[in-house]
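Visitor: Quick one: structure below, then a few questions.
All of the numbers you see were taken from the coordinates with simple rules; none came from a lab. This is a predicted model, so every value here is computed, not measured. Virtual Cβ from ideal backbone geometry, glycine too; neighbours counted across all protein chains shown.
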Amino acid sequence: MNLEKLLPDDGPSISEVNKYIEKYKNDFIVIKVGGSCLLDQNLFDQLVEDISVINRLGLKAIVVHGGGKNIKIKLDEANIEIKFINGLRVTDENTIKIVEDCLIALNNEIISKLKSKNCEGIQFSPNKNNIIIVDPINKELMYVGNPKKIKTDLIIQELESNKVPVIVPMGKGKDNKNYNINADHAALEIAKKMNARRLLLMTDVEGVLDKEKKLIPEINSETANKMINDGTISGGMIPKINTCLDAVNNGVIGVAMVDGRKSHSILFEIFSDKGAGTLIRK
């Protein structure tokens, strides 16, 4: 394998990549994509390139993506008022159709870009290869659910064919209707059920910061809980950290909060000592 041709010039070094390839050889890497890397074309192109490199190195990557700002734009265009309950979007029949259309369009774009990088992606969505069985959360949220069951055998089948599963965060309920799922929650459940080596959460922050606002490269569950209790971790970072803690306490070896604004952040997180954010372990 010619790593020099495969790796981007501004990515991690060949020696570092060689060091880590063996480490991840037989493991699953779940990548939750959102934030700036979906909005900035250059970051989006690098994201797709990073995923294709991981795949062509023989590693098993699974992608779960959010909808970016396209969903809000389309709902505004349709004059649909957006309401939230506990951070989750109230989703009626009109809204769920727009959400689905936006997510499918983005999914197709990721798969098309992967193809241009000699990498085959495969779509998983509620109407095509559905892998997520959903429990509706409540009547107020309507078509919003939590993952109840993940059909991991279908994911593994595609990974063994050297394809990259690209998963829409939606699933079907007992009523056979489509339900929206918070993308972080979808990625979390998939990583847990797959006993993933890594769950990468692409964010628009450096990672976890200490009281002096300096990046902490690695923390464990005990330290993270102390930082929540003493207020070092606060606000919107708390649910993100709780997602990480849920993962590492339920079968995922490590969760990385990755700064998706950085160039080739996925490759640096997986294939370098320094990483590209904060790694959280049990």
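Visitor: What residue, of 104, 122, 110, 96, is in a strand (DSSP E or B), closer than 24 Å to residue 70 by Cα, aliphatic (A, V, I, L, M) and in contact (Cβ under 8 Å) with a residue 40 or more places away in the chain? Please lay out each step first, then the result.
Guide: Working: 104 fails: in a strand (DSSP E or B); 110 fails: in a strand (DSSP E or B); 96 fails: in a strand (DSSP E or B).
Every option except 122 fails the conditions.
Visitor: Report those helices (runs of 4 or more DSSP H) wholly inside the stretch 185-282 carrying at least 1 residues which are surrounded by fewer than 17 Cβ atoms within 10 Å (Cβ to Cβ).
Guide: Per the criteria, 221-229, 237-248.
Visitor: Within the stretch 151-184, take every residue that is of a type in the set (A, V, I, L, M) and farther than 21 Å from residue 105 by Cβ and give me the one that is surrounded by the most Cβ atoms within 10 Å (Cβ to Cβ).
Guide: Our first condition is that a residue be of a type in the set (A, V, I, L, M); within the stretch 151-184, this holds for 154-156, 159, 164, 166-168, 170, 181, 183.
With farther than 21 Å from residue 105 by Cβ added as a condition, the list becomes 154-156, 159.
On the way: 154: 15, 155: 24, 156: 15, 159: 19.
Checking each candidate, the answer is 155.
Visitor: I would also like to ask the following. Could you list, in sequence order, all residues of the stretch 1-37 that are of a type in the set (Phe, Trp, Tyr), buried (at least 18 other Cβ atoms within 10 Å of the Cβ) and either in contact with a Phe, Trp or Tyr (Cβ under 9 Å, 6 or more places away or on another chain) or part of a helix (DSSP H, G or I) (or both)?
Guide: 24
Visitor: Would you please name the residue that is farthest from residue 93 (Cα to Cα), looking only at residues in the stretch 136-161 that are in contact with a strand residue (DSSP E or B) (Cβ under 9 Å, 6 or more places away or on another chain) and assigned to a loop (DSSP other than H, G, I, E, B)? Explain how you work it out, then say what you get.
Guide: Step one: filter the stretch 136-161 for residues in contact with a strand residue (DSSP E or B) (Cβ under 9 Å, 6 or more places away or on another chain), giving 136-138, 140-151, 154-156, 158-161.
Add one more test, that the residue is assigned to a loop (DSSP other than H, G, I, E, B), and what stays is 137-138, 140-141, 143, 151, 161.
Numbers: 137: 15, 138: 15, 140: 13, 141: 11, 143: 7, 151: 26, 161: 36 Å.
The selected residue is 161.
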